[in-house]
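Asks: Provided herewith is a single structure, encoded as C-alpha cells, for subsequent inquiry.
The values are calculated or read from the model by the stated rules, or taken from the named source; none is laboratory data. Model, not experiment: these values are computed from the prediction. No Cβ is skipped: glycine too gets one built from the backbone with ideal geometry, and neighbour counts run over all protein chains shown.
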Amino acid sequence: MVVDNRGERKPILQGVDIAVRPGECLALVGPSGAGKTTLLRALAAGQGTTAGTIAVDGRELDSLNSHGLRALRTQLGFVHQDHCLIPSLRVSHNVLAGKLGQRSLLAGARSMVFPRRADLEQAHALLDDLGIADKLFQRADRLSGGEAQRVALARALFQEPRAILADEPVAAVDPARGRDLIERMLELARRRGLTLIVSLHDVDMARSFFPRCVGLRAGRVVFDRPTGELDDADFTELYELERGSIGA
Amino acid sequence: MRERWTGVPGGRRTGVLAALALVGIVAWVQLGLAPSSLVPRPGGVQIARNFFAGALSPALDYQAGDVPAGAPPFLLRLLSALWSTILYAAAAVALALPAGLLLGFLASSSWWAVDPVCGSRRRARRSALAGTAQALLRVFIAALRSVHELLWAVVFLAAMGLSPVTGVLALAIPYSGTFAKVFSEMLDEAPTDSARALRGVGAAPATIFLWGNLPRALPDMAAYVFYRFECAIRASAVLGFFGFPTIGYFLRASFEDTQYREVWSYLYALLALVLLLEVWSSALRRRFVA
C-alpha cells in the first residue's frame, strides 16, 4: 500500500502489507511521523491511497461506491487523536452522533434534537463504563483532554462497530489513567468481540497489553510479530535516531 | 544531508505593503485632498457651532413654538420613528437571512465536499461539476451585493412607489448577498475536525454538513447576524431620507428646519438602540462561545 502526501514527493507509507483477523487486538508503534495515523485512517476508509489495495471482509475499498463506503464506515469506529468532538454540543449529542451514519438526514436530526430514552440510557451506560457518566449533559468544549478522549471512545462504541481503530487514545492523559483506559478498551473489545487496532507512543503499554505489535518507521513496517517474540533490541532499533536528524 | 542556507525568503510582503501605500498616496493626490479644505466657509462656523451646541441639550419637546395642531408629542414621535426603523430592519433581515443561509450553504466548499476515498475518476468529474455550480452561485451572490441598498431603494421607488415592501426589498436584496458571502466563508474557515469524525461514522454528506460543519461556524454566524441587523437599522434610518417613515425622515426634516436639538435627539436615540443591540449580542455570544 502507498499513500501519497500531496505536495511532497515521498509517499507516507510504502510496502505496508498487514492482515488483521476479526477480533484481533494489535498495537501500532513507531516514532513520530512514521505514518501510524495515516495507516489507521487508510484502514478506516478515511483516506485515499495512490497505489495498492485495502480490503475489509475481502472487499476492496476502491471497488465501493460512496454508498458502499458509508455502509462500511458504520462498521468501523475511529477514535481520533484530537477527539474531533462537536464542541458546542453536549456530550450526549456527541455520543449519539456515532449512529448518524446509520440514520437518514431527518431521522438523524430527530435523534439529536429529541433523543430517544433508550439511546440516552445506552450512552449513559457507555460513559459509566468509561468512568465519566456524570458528564452526559456537559458541553463538549468544557471537558478536559482525558474526558474528551473518553467521549470520543464512547461515540465509537455507541456506533456498535465491528472494529475500533484508535489513534493515540491515551496521548492526552497521564500514564496511570492511560493504562486504565487501555485496559477498559481491551476488556470492552473482548466482551463484544471487536477488532481493535491502537496506535501508541508508549512502547511499554503496547508490550504489556497487546498480543501483537506492528512497528512502523518512515512509512515501512519494521516488524509485525506476536509481542512475546519481540525483545528490547527490536524496539531500540525502531526508535533509534538517524544520524544528524532530530526525529522524523 | 544538511540543507543549504538560502537566506531570508524574498521581500514579497514589503512589496505588497509598498503597493498599498502607493495606492493611498495616489488617491489623495488625485482627489486634491488638503487640510485647508477643512476650513469652513464664512457663516459655516456659526452653523457648525449651533449644530454641535445641540449635542449638549438634545430636545425633549418640539424645539419650535409653532407646532401644527394634532401633532403627537415629540418624544412619542421619536419613539414611533424608532419603532418603524426597527420594523423595516427586522423585516429586511427576516427576508435576507433565510435567503442568505440557503445561498451561503450552496456557495460553501464544505457543502460540495467530496469523499476523499471514492474512486479518483469519479472524484474529478464531481469536482468539476461542484466547481462550476459554486462559481455560478458566487457570481449571482456578487451581483446581489454589487448594488447598494440605497440604490435599490431609488430604483424600486421609481418602479413601485413608496410602500413598505419597496423599502424592505431594497434592504433585503443586498443583505441576502452579504449574508451568503460571509456565511459561506465562515463555513469554509471553521475547523473541519467534527466533519471528519462524522464522515468516519459513515454519515451522508448532508448529515456531515448539518452536524459537522454548521455547528462549528454557528457562533460566528449568529454574531454576524446581529452585526448585520445593526447595519440594517442604520440603513433603515437612512431610508427615511427617501420618504419612508423611519427616523431618517424626521431627522432630515428637523435638520432642514435647523432644529439641531431635535436632530441630536434622533441621533442619540439611534445610538441608544445600537448600544442596546451590542449588549444583547455580546451576552448571546458569551453563551455561545463558553
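Asks: Here's a check for you: in the range B:259-283, which residue that is over 19 Å from B:PRO73 (Cα atoms) and not aliphatic (A, V, I, L, M) is surrounded by the most Cβ atoms within 10 Å (Cβ to Cβ)?
Replies: Ranking the candidates gives B:SER281 first.
Asks: On the given criteria, is A:LEU136 modelled with pLDDT under 95, away from chain B (no Cβ under 13 Å) and over 25 Å from A:ALA42 (Cβ atoms)?
Replies: Yes; evaluated as a whole, the condition is true for this residue.
Asks: Here is a follow-up. I'd like the full set of residues that are closer than 16 Å to B:TYR249 by Cβ and aliphatic (A, V, I, L, M), limited to the range B:57-78.
Replies: B:ALA71, B:LEU76, B:LEU78 - these are the residues of the range B:57-78 that are closer than 16 Å to B:TYR249 by Cβ and aliphatic (A, V, I, L, M).
Asks: Name the residue, out of B:SER254, B:SER265, B:SER236, that is touching an Asp or Glu at 6+ places or on another chain (Cβ under 6 Å), touching a residue at least 40 places away in the same chain (Cβ under 8 Å) and more than 30 Å from A:ARG90 (Cβ to Cβ).
Replies: Result of the check over B:SER254, B:SER265, B:SER236: B:SER254.
Asks: Sort through A:ALA154, A:ALA163, A:ALA189, A:ALA172 and tell me the only one that's out of contact with any strand residue (DSSP E or B) (no Cβ under 6 Å at 6 or more places or on another chain) and at pLDDT 90 or above.
Replies: A:ALA154
Asks: A:LEU165 fails exactly one of the following numbered conditions: (1) more than 13 Å from chain B (Cβ to nearest Cβ); (2) within 22 Å of A:GLY23 (Cβ to Cβ). What is the number of that condition?
Replies: So A:LEU165 meets the others, but not (1).
Asks: When only residues in the range A:77-92 that are crowded, with 24+ Cβ neighbours inside 10 Å and either among the hydroxyl-bearing types (Ser, Thr, Tyr) or touching a strand residue (DSSP E or B) at 6+ places or on another chain (Cβ under 7 Å) (or both) count, which is farthest from the other protein chains (Cβ to nearest Cβ)?
Replies: My answer is A:VAL79.
Asks: Follow-up question, since we're still on this one. Looking only at the range A:98-110, decide whether some residue is outside any helix (DSSP H, G or I), away from chain B (no Cβ under 13 Å) and surrounded by fewer than 18 Cβ atoms within 10 Å (Cβ to Cβ).
Replies: no
Asks: When you go through B:ALA197, B:ALA203 one by one, which is the residue that is within 30 Å of A:SER66 (Cα to Cα) and touching a strand residue (DSSP E or B) at 6+ places or on another chain (Cβ under 8 Å)?
Replies: Residue meeting the stated conditions: B:ALA197.
Asks: Scanning for something away from every other protein chain (no Cβ under 14 Å), touching a Gly at 6+ places or on another chain (Cβ under 8 Å), at pLDDT below 90 and more than 21 Å from A:ALA42 (Cα to Cα), does the range A:119-130 turn up at least one residue?
Replies: Checking the range A:119-130: not a single residue is away from every other protein chain (no Cβ under 14 Å), touching a Gly at 6+ places or on another chain (Cβ under 8 Å), at pLDDT below 90 and more than 21 Å from A:ALA42 (Cα to Cα).
Asks: Just give me the residues in the range A:38-61 being surrounded by fewer than 16 Cβ atoms within 10 Å (Cβ to Cβ) and free of Cβ contacts under 8 Å to residues at least 40 places away in the same chain, in sequence order.
Replies: Answer for the range A:38-61, where residues must be surrounded by fewer than 16 Cβ atoms within 10 Å (Cβ to Cβ) and free of Cβ contacts under 8 Å to residues at least 40 places away in the same chain: A:ALA55, A:ASP57, A:GLY58, A:ARG59, A:GLU60.
Asks: I would also like to ask the following. Against the condition at the interface with chain B (Cβ under 10 Å from one of its Cβ atoms), touching a helix residue (DSSP H, G or I) at 6+ places or on another chain (Cβ under 9 Å) and assigned to a helix (DSSP H, G or I), how does A:LEU69 come out, does it pass?
Replies: Yes.
Asks: Report, by residue number, each residue of the range A:18-65 that is in a helix (DSSP H, G or I), among the polar types (S, T, N, Q) and closer than 25 Å to A:HIS201 by Cβ.
Replies: A:THR37, A:THR38
Asks: For the range B:229-259, enumerate the residues that are among the charged types (D, E, K, R) and within 23 Å of B:LEU276 (Cβ to Cβ).
Replies: B:GLU230, B:ARG234
Asks: Oh, and also: Can you tell me which residues in the range A:139-162 are away from chain B (no Cβ under 14 Å) and exposed (fewer than 15 other Cβ atoms within 10 Å of the Cβ)?
Replies: Answer for the range A:139-162, where residues must be away from chain B (no Cβ under 14 Å) and exposed (fewer than 15 other Cβ atoms within 10 Å of the Cβ): A:SER144, A:GLY145.
Asks: Kindly list the number of the only condition in (1) assigned to a helix (DSSP H, G or I); (2) within 14 Å of chain A (Cβ to nearest Cβ) that fails for B:VAL238.
Replies: (2)
Asks: Can I ask one more? Please verify whether A:GLU187 is buried (at least 20 other Cβ atoms within 10 Å of the Cβ) and charged (D, E, K, R), treating the condition exactly as stated.
Replies: no
Asks: Here's another thing I want to ask about it. I'd like to verify a number: residues in the range A:155-177 that are in a helix (DSSP H, G or I), free of Cβ contacts under 8 Å to residues at least 60 places away in the same chain and closer than 23 Å to A:LEU136 by Cβ, how many?
Replies: 1
Asks: A further question follows. Does A:LEU69 satisfy the condition of being modelled with pLDDT of 90 or more and either of a type in the set (S, T, N, Q) or crowded, with 23+ Cβ neighbours inside 10 Å (or both)?
Replies: Judged against the criteria, A:LEU69 is not a match.
The rows are residues; the columns are (1) of a type in the set (S, T, N, Q); (2) touching a Cys at 6+ places or on another chain (Cβ under 9 Å); (3) at pLDDT 90 or above.
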{"position": "A:VAL3", "(1), (2), (3)": "no, no, no"}
{"position": "A:LYS10", "(1), (2), (3)": "no, no, no"}
{"position": "A:GLN14", "(1), (2), (3)": "yes, no, no"}
{"position": "A:VAL20", "(1), (2), (3)": "no, no, yes"}
{"position": "A:GLU24", "(1), (2), (3)": "no, no, yes"}
{"position": "A:ALA27", "(1), (2), (3)": "no, yes, yes"}
{"position": "A:ALA34", "(1), (2), (3)": "no, no, no"}
{"position": "A:ARG41", "(1), (2), (3)": "no, no, yes"}
{"position": "A:ALA44", "(1), (2), (3)": "no, no, yes"}
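Asks: Kindly indicate the residue of the range B:196-221 that is touching a residue at least 60 places away in the same chain (Cβ under 8 Å) and touching a Leu at 6+ places or on another chain (Cβ under 7 Å) and also nearest to the other protein chains (Cβ to nearest Cβ) among those meeting that condition.
Replies: Checking each candidate, the answer is B:ILE208.
Asks: A:ARG59 passes all but one of (1) away from chain B (no Cβ under 12 Å); (2) farther than 20 Å from A:GLY101 by Cβ; which number fails?
Replies: Just one mismatch for A:ARG59, condition (2).
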